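The values are calculated or read from the model by the stated rules, or taken from the named source; none is laboratory data. The structure displayed is predicted, hence computed values, not measured ones. All Cβ positions, glycine included, derive from the backbone under ideal geometry; neighbour counts span all protein chains shown. Heads up: the accessible areas ignore ligands, DNA and RNA and are worked out on the full protein's heavy atoms, side chains in. Shrake-Rupley method; radii C 1.70, N 1.55, O 1.52, S 1.80 Å.
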Amino acid sequence: MVSVAAESGSLEITADIPSVPVYIDNEYAGLSPVHVSEILEGYHLIRASPEGFFSQTQNISVEAGELTYVSFSFLNSDKIPMPALVRIGECVGTPEPSDLDGTAYDIIRLPDGSLMAYYSGWEEGIMCMESTDGISWERMSEPCLGVPTRGSVFRTEPWVFALPDGTYRMVFRQTVGHQHSLYLGTSQDGISFSGEEQIPIDGEDTQGNSGYPSVPTGITYDDGTVRMYYSIPGSGIKSAISDDMGISWKKEDGIRIRYGTDPAVMILPDGRTGIFYVDTTPKSKGQRIFFSLSEDGLNFSGLPVQVLETMEPGVWLMDPEIISEDDTTYLYFSVMGMEGMQHHTLPGTLRSVIDMGCLSRQVS
C-alpha cells in the first residue's frame, strides 16, 4: 500500500455514523473518520463495516499527489431499499440500483464506448437499452429483433457477440407453443438484427418442451473459436463449441456446473475462464450467486466462491452479467420479489464492483 511520495496520494474516509471500522484492500486502516496518506496510485477497494449494518464497499481511483474523499452512508432513508444481500468474503462492492429494465439481459460494449443491453421483450421480441455510465439506460423505441407473429412467437434470453469484421451475432431462445429452439441473428451495427435461423447443437436435443438449452452466453478466443455455455433445466450448465463464429455448434461432453443456471463468463488476464452462475440446489434455489474458475473452460471442479446471497424469503437472484471497463469489473444482477424497485412485476437490477483478484484467490 505504501509507495514513494511521487507515486502516491491520500484518502479521507468518512461515514454518517461514528467510529466505523475501515479497511483498504482488506487491511485495517482505523475507525472513521480516517485520513491515510501514501496510498499507491491506482484502484483500491475501500470497505466500511459497522456493527449492526451490512458492509459497504467502494472501488476508488487514487491519483498521485491528490486527496481523494470517500464517504459512506448507512442512515440515508432516501435510498431504494435493498434486500438482505450478504457478501461472502470481501470481493463484492455495495450494490447500487441501475434502471436497466427487462429480464434475461446481455450487455456488450460498442466501439464508441457506450453500453448496449439486450433483453427479453417477449411479445415484442428482443428489446435494447443504451447507456454511457451503466446506471442510467435509455430504451430504444423499436426492438433490436422483432417477432414475425406477435403473441404466438416469443424471443428471449439473448446473447450477443462481436465478429472480427465488426459485425455482430445474436443467439437467442425462441418459443412457439411448447417448443423451444435456439436461433441465430446477425447485425451490422449491434442494434438492428435480422436473418434469424435455427441453430442445432450437434449431439444436443435443441428442440422440445423439456431439457432444452436456455440462457446462452459465451466467450470468443483469439483463434476465432467460440464457446457457448447454456443451461439445461434439471441438469445444469453445459457447453458447445463453434469454429465458424457461431453458425454451427458441437456439444462438449459432460456438465460444466451441476445445479447451476444463468451463466455469465469471462476470460481472466491469466487465460483462465471465470463463470458466475445462479445456484439451483433445492436448499437455496435462486438465492445464491456463485463464482468458479477453470483452466480450460471445461473443468470447473474446484470449490466455488459464494458471491451473493439473499436471506429474505421470496427474494430471488437472477441474470448475472459481467462487463469490464479499464481495470474495473462490474457484476449486474436482477432481484425479484422486493418492493420499491422499478415495478412490482419485473425484477430490479443492481450493479456491484467485483474485485476479481480477490475472487480468484479465494477459488485458488
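Per-residue extension of 0.36 nm, minus the Cα-Cα distance of E63 and E325, leaves a gain of 92.5 nm for this segment. For Cα Rg over 2.2 N^0.38 Å, computed directly from the structure shown, the correct entry in [x] 1.11; [y] 1.03; [z] 0.97 is [y].
Of the beta bridges in the chain, as assigned by DSSP with both residues counted there, near 95 percent are antiparallel. Bridging of K285 to aspartates and glutamates at a Cα separation below 19 Å is possible for D262, E309, E312, D319, E321, once same-chain residues fewer than 8 apart are set aside. When peptides 106-115, 90-99 are ranked by their average number of other Cβ atoms within 10 Å per residue, the highest-first order is 90-99, 106-115. Per residue, the solvent-accessible area of region 206-259 (1.4 Å probe, heavy atoms of protein chains only, all protein chains present) comes to 43 Å².
Among the protein heavy atoms of region 103-170, carbon and sulfur supply 49% of the accessible surface, probe 1.4 Å, non-protein parts ignored.
Between H178 and S10, what FRET efficiency comes out of the Förster formula 1/(1 + (r/R0)^6) with R0 = 41 Å and r the beta carbon distance, rounded to 0.05? Intermediate values should be presented prior to the final figure.
Values: r = 62 Å, r/R0 = 1.52.
The pair S10/H178 has a calculated efficiency of 0.05.
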